[in-house]
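Novice: Attaching a single structure in structure tokens format; questions to follow.
The values are calculated or read from the model by the stated rules, or taken from the named source; none is laboratory data. Predicted model, so just to flag it, every value in this text is computed and none were measured. Positions of Cβ are generated from backbone atoms using ideal geometry, with glycine treated the same way; all protein chains shown enter the neighbour counts.
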């Protein structure tokens, strides 16, 4: 499979994603600069974490106007797989590829720690190797991860099963205490209505090797590879 990892000024998780794809999963991967106009025939596009354009103005608000985003939009419209991680999720929201917006964390502080997630939808190209309701541990590292959506939009997400991950505690309860940032309905990740664009605040690339303390995130990348292989 061929992956493209988009690199913006301020990206700092691009090499982590490239390492997992190339050295752990032995996939072809290309770093695509934000000013490029082509995704180089990629089968899956990843927008990595970091602080694109220094997070000036608003997280993702400048990156969404980068030249490469027109190609990402076209790719997604044609059914291509797109994964936005942390800052990448914020960019997808600003670009209109996913609904909602990000606010400052409830604590008004940057949060960086291991985080338990509950898999809400395992019928997506990225989650079909997980069991529904499974608890996984994936690190978070963000200052603006407080996902917001109006009540009508939230009801649509629930109805369409677009909520993919929720923050949860060790018993699997998506409680307020388990919510690290104040995100509405404990949402940690969502997918678009077509099912091919996933945005998530936690970092699966940081939990894809045992040496990092766990490999729960690896299944997400493996699921995408298996999906693409089956799709041909």
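Novice: I need the full set of residues from the range 219-232 which are out of contact with any strand residue (DSSP E or B) (no Cβ under 6 Å at 6 or more places or on another chain) and either within 17 Å of residue 2 (Cβ to Cβ) or surrounded by fewer than 20 Cβ atoms within 10 Å (Cβ to Cβ) (or both), in order please.
Specialist: Answer for the range 219-232, where residues must be out of contact with any strand residue (DSSP E or B) (no Cβ under 6 Å at 6 or more places or on another chain) and either within 17 Å of residue 2 (Cβ to Cβ) or surrounded by fewer than 20 Cβ atoms within 10 Å (Cβ to Cβ) (or both): 221, 222, 223, 225, 226, 227, 228, 229, 230, 231, 232.
Novice: Taking residue 88, is it in contact with a strand residue (DSSP E or B) (Cβ under 9 Å, 6 or more places away or on another chain), surrounded by fewer than 20 Cβ atoms within 10 Å (Cβ to Cβ), modelled with pLDDT of 95 or more and under 16 Å from residue 197 (Cβ atoms)?
Specialist: No: the conditions fail for residue 88.
Novice: Related question: Here are some residues: 11, 66. Which one is surrounded by 19 or more Cβ atoms within 10 Å (Cβ to Cβ), at negative phi and in contact with a helix residue (DSSP H, G or I) (Cβ under 7 Å, 6 or more places away or on another chain)?
Specialist: Going through 11, 66 in turn, the sole match is 11.
Novice: Mind checking whether some residue in the range 12-19 is under 12 Å from residue 72 (Cβ atoms) and part of a loop (DSSP other than H, G, I, E, B)?
Specialist: no
Novice: What residue, of 37, 31, 61, 71, is in a loop (DSSP other than H, G, I, E, B), more than 15 Å from the chain's Cα centre (by Cα) and farther than 15 Å from residue 144 by Cα?
Specialist: That would be 37, the only listed residue that is in a loop (DSSP other than H, G, I, E, B), more than 15 Å from the chain's Cα centre (by Cα) and farther than 15 Å from residue 144 by Cα.
Novice: Go through 106, 22 for me and flag whichever is in contact (Cβ under 8 Å) with a residue 24 or more places away in the chain, touching a strand residue (DSSP E or B) at 6+ places or on another chain (Cβ under 9 Å) and farther than 23 Å from residue 162 by Cα.
Specialist: 106
Novice: Residue under question is residue 188, and the condition is that it be surrounded by 23 or more Cβ atoms within 10 Å (Cβ to Cβ), without any contact (Cβ under 8 Å) to a residue 60 or more places away in the chain and out of contact with any helix residue (DSSP H, G or I) (no Cβ under 6 Å at 6 or more places or on another chain); does it hold?
Specialist: No; evaluated as a whole, the condition is false for this residue.
Novice: Let me ask something else about it. (1) within 12 Å of residue 144 (Cβ to Cβ); (2) part of a helix (DSSP H, G or I): which one isn't true of residue 102, the others all being true?
Specialist: Here residue 102 meets the rest and fails (2).
Novice: Here's something else I'd like to know. Restricting to the range 40-53, name every residue that is in a loop (DSSP other than H, G, I, E, B) and touching a helix residue (DSSP H, G or I) at 6+ places or on another chain (Cβ under 6 Å).
Specialist: 43, 48, 49
Novice: Here's another thing I want to ask about it. On the given criteria, is residue 143 over 18 Å from the mean Cα position of the chain (by Cα) and either closer than 22 Å to residue 15 by Cα or modelled with pLDDT under 95 (or both)?
Specialist: No; evaluated as a whole, the condition is false for this residue.
Novice: Which members of the range 149-174 meet the condition of being in contact with a helix residue (DSSP H, G or I) (Cβ under 6 Å, 6 or more places away or on another chain) and assigned to a strand (DSSP E or B)?
Specialist: 163, 166, 167, listed by residue number.
Novice: Restricting to the range 175-232, and then to whatever is at pLDDT below 95 and part of a loop (DSSP other than H, G, I, E, B), can you tell me which residue is farthest from the chain's Cα centre (by Cα)?
Specialist: 232
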